[in-house]
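Only the coordinates and a few stated rules stand behind these numbers; no lab work does. Fair warning: this is a prediction, and the values are worked out from it, not measured in the lab. Here the Cβ is made from the backbone with ideal geometry for all residues, glycine too, and neighbour counts use every protein chain on show.
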Amino acid sequence: MPYIIGRMLSAERILERCESLAQHSELPGGLTRVFLSPQARAAGDKVLAWMREAGMQAKLDAIGNAVGRYEAARPGLPCLMLGSHLDTVRDAGKYDGMLGVIAAIECVGFLNSKNKRLPFAIEVIGFGDEEGVRFGTTLLGSRAVAGTFDMDVLEAKDPQGKTMADALREFGLDPQAIPRIARKRSDVLAYAELHIEQGPVLEAEGLPVGVVTAINGFSRLRVTLRGAAGHAGTVPMSLRRDALAGAAECALAVERVARSHPELVGTVGRFEARPGAINVIPGEATFTVDVRAPQDSLREHAVAQIRSEIENVSRNRQLASEIESLQHFGVTTCAPRLIERMERAVASQGFRVRRLPSGAGHDGMALGAITEICMLFVRCKGGISHSPLESITREDADAGAKVLLEFIQSYS
Ligand SMILES: [Zn+2]
């Protein structure tokens, strides 16, 4: 559907475009689109075309983010930055990330159709990597924009053994240009992101949207336990140093620590044993730990407890343990002035205001390094996300876009 002068926001167009992007997938019959893939190229090109149609200047930046800019009446002014991500997890839903990019483009298209320029520029960014599926490190696109991209990560390899630097070059991008896309604080007024809730709170309360107060921090560890491999039939139980049995005890310890506080969550999401044969005692086991909490002190305390539990288990079972700290991010608090402004936008559309924290990570965590951030959550069916069952209604897409537009127009 083309824009018509004076036309209203269209929830149909937003949902159509989510469907359209979902066609770019490496998974037949489902949706998987990872960083710097041919499918990411096709989706990015589509988004750039929509940005141009909405009156923006648009291009891919050095890390493959789709960036659109809608100037103020006077060009070159600082921008209000909007966006979300265009990559997905494996076998994903159609809305996680994409909804925020498409809704932001819809708002700019509305302003453009009315020939309306604001006292600030608007930039919409479709981040190329948020989920971290391909290289195991998240928020690559937004960290590049925030100037916190770690150039050492360019040597990280995907499961096929290709480095990120090579993948960027094959995509037609120059890895050495990444530092140049970092924004200065003075370039960005604030960052606002619309995203599906990915949880059940809004649905339970019968609300289409909610205003995010903070994005929970997380810590990720990779733990390797080493014992002794041996014959499953000949080594008596009393003489075994079974790394997998030790790792299992550690996984239960993670669960026990996480259950000790209602706001804490802890997950062992990957678990591998080597050599991995039915008749061999596992000599080595590796597992990951993901801990999240709305307060940094709570998370840090939990991580310390988990480390000491792992050391205890290893000592008792005579295993060698190695604990690598993979990634950690502190709590990102949404700015009170932006929360209040978003709340007024919610109320202006006739909805009850509900504040809620985000248990999932988002691009705003990275942008928080250079600017104040805020987020608007849109209800999703059953609280389900990271699944093909992810679903939102036309009415809720409409509500989210209207609130975002009101937020943008009232921003000054
Ligand atoms: Zn997301």
Leading residue at positive end of dipole, the chain (Cβ point charges), from Val124, Pro75, Thr32: Pro75
Please sort 358-370, 286-298, 121-133 by packing, taking for each peptide the average over its residues of neighbouring beta carbons within 10 angstrom, highest first. 121-133, 358-370, 286-298
Kirkwood Rh over Cα pairs of the range 290-366 into Stokes-Einstein at 25 °C, 0.890 mPa s: D in µm²/s? 155
What is the magnitude of the charge dipole of the range 1-96 about its Cα centre, with +1 placed on the Cβ of each Lys and Arg, -1 on the Cβ of each Asp and Glu, and no other charges, expressed in debye to the nearest 20? 280
Inter-part distance where the range 49-109 and the range 278-336 are each reduced to a Cα centre, Å: 36
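Roughly what % of DSSP beta bridges within the chain run antiparallel, to the nearest 5? Intermediate values should be presented prior to the final figure.
Values: 44 of 64 bridges.
The antiparallel proportion sits near 70 percent.
Within the range 158-257, which chymotrypsin sites (Phe, Trp or Tyr not before Pro) sit in a loop by DSSP and count at most 16 neighbouring Cβ atoms inside 10 Å? Display every interim value, and only then the final one.
Values: sites: Phe171, Tyr191, Phe218; in loops: Phe171.
Sparse-neighbourhood loop chymotrypsin sites (Phe, Trp or Tyr not before Pro): none present.
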Pick from Ser20, Ser142, Ser385: which residue has the top mean-square fluctuation in a GNM of the chain where Cα pairs under 10 Å get a spring? Ser20
For the range 60-137 (alpha-carbon point model, no solvent) the Debye-based log₁₀ I(q)/I(0) at q = 0.14, 0.16, 0.20, 0.26 Å⁻¹ works out to -0.51, -0.63, -0.86, -1.19
The Cα extents of the range 238-278 along the principal axes, largest first and rounded to whole Å, are 38, 23, 10
Work out from phi, with θ = phi - 60° and the Karplus expression 6.51 cos²θ - 1.76 cosθ + 1.60, the ³J(HN,Hα) of each residue of the range 385-393, listed in order in whole Hz, and give x for Gly and Pro. 8, 6, 7, x, 7, 4, 7, 9, 8
So what are the three principal axis dimensions of the range 1-156 from its Cα atoms, in whole Å, longest to shortest? 45, 36, 19
Given pairs Lys59/Lys94; Lys184/Lys381; Lys46/Lys116; Lys94/Lys162; Lys94/Lys184; Lys381/Lys402 and cut-off 29 Å on Cα-Cα distance, the over-length ones are Lys184/Lys381; Lys94/Lys184
Please turn the phi angles of the range 177-192 into ³J(HN,Hα) values with the Karplus equation 6.51 cos²θ - 1.76 cosθ + 1.60 (θ = phi - 60°), one per residue in order, whole Hz, x for glycine and proline. 7, 4, x, 6, 8, 5, 8, 7, 3, 6, 7, 10, 7, 5, 10, 10
Using helices alone, what [θ] at 222 nm do you get for the chain, with -39,500 (n - 2.57) per DSSP H run of 4 or more residues, divided over all residues and rounded to the nearest 500? -10000 deg cm²/dmol
Rounded to whole Hz, the Karplus (6.51, -1.76, 1.60) HN-Hα couplings of the range 100-111, x for glycine and proline: x, 6, 5, 5, 5, 4, 4, 5, 5, x, 5, 4
For Lys114, go through the aspartates and glutamates and keep the ones whose alpha-carbon is under 16 Å away, minus same-chain ones fewer than eight residues off. Glu53, Glu71, Glu106, Glu406
Taking the convex hull of Cα positions in the range 121-227, its mean projected area over all directions (nm²): 11.1
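Taking the Kirkwood radius as the inverse of the mean 1/r across Cα pairs, report the Rg/Rh of the range 256-303.
Details: Rg = 14.8 Å, Rh = 12.5 Å.
Here Rg/Rh amounts to 1.19.
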Unit-weight point scatterers at every alpha-carbon of the chain, Debye formula, q = 0.10, 0.13, 0.14 1/Å: log10 I(q)/I(0) is -0.70, -1.10, -1.24
Highest-MSF residue in the chain out of Val280, Val265, Val212 [GNM, Cα springs under 10 Å]: Val280
May I ask for the equivalent-ellipsoid semi-axes of the range 301-412, computed as the square root of five times each C-alpha gyration tensor eigenvalue and listed largest first in whole Å? 40, 19, 11
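Rg to Rh ratio, the range 1-93, alpha-carbon atoms and Kirkwood radius?
On the way: Rg = 14.7 Å, Rh = 14.7 Å.
Radius of gyration relative to Kirkwood radius: 1.00.
Find, among the GluC sites (Glu not before Pro) in the range 307-402, those assigned to loop by DSSP (not H, G, I, E, B) with at most 16 other beta-carbon atoms within 10 angstrom. Show your work: numbers first, answer last.
Working: sites: Glu309, Glu311, Glu322, Glu324, Glu340, Glu343, Glu372, Glu390, Glu395; in loops: Glu372, Glu390.
Filter output for the range 307-402: empty list.
Within the range 336-412, report the trypsin sites (Lys or Arg not before Pro) that DSSP leaves as loop and that have at most 14 other Cβ atoms within 10 Å.
Of the trypsin sites (Lys or Arg not before Pro), the ones in loops of the range 336-412 whose Cβ has at most 14 other Cβ atoms within 10 Å are Arg352.
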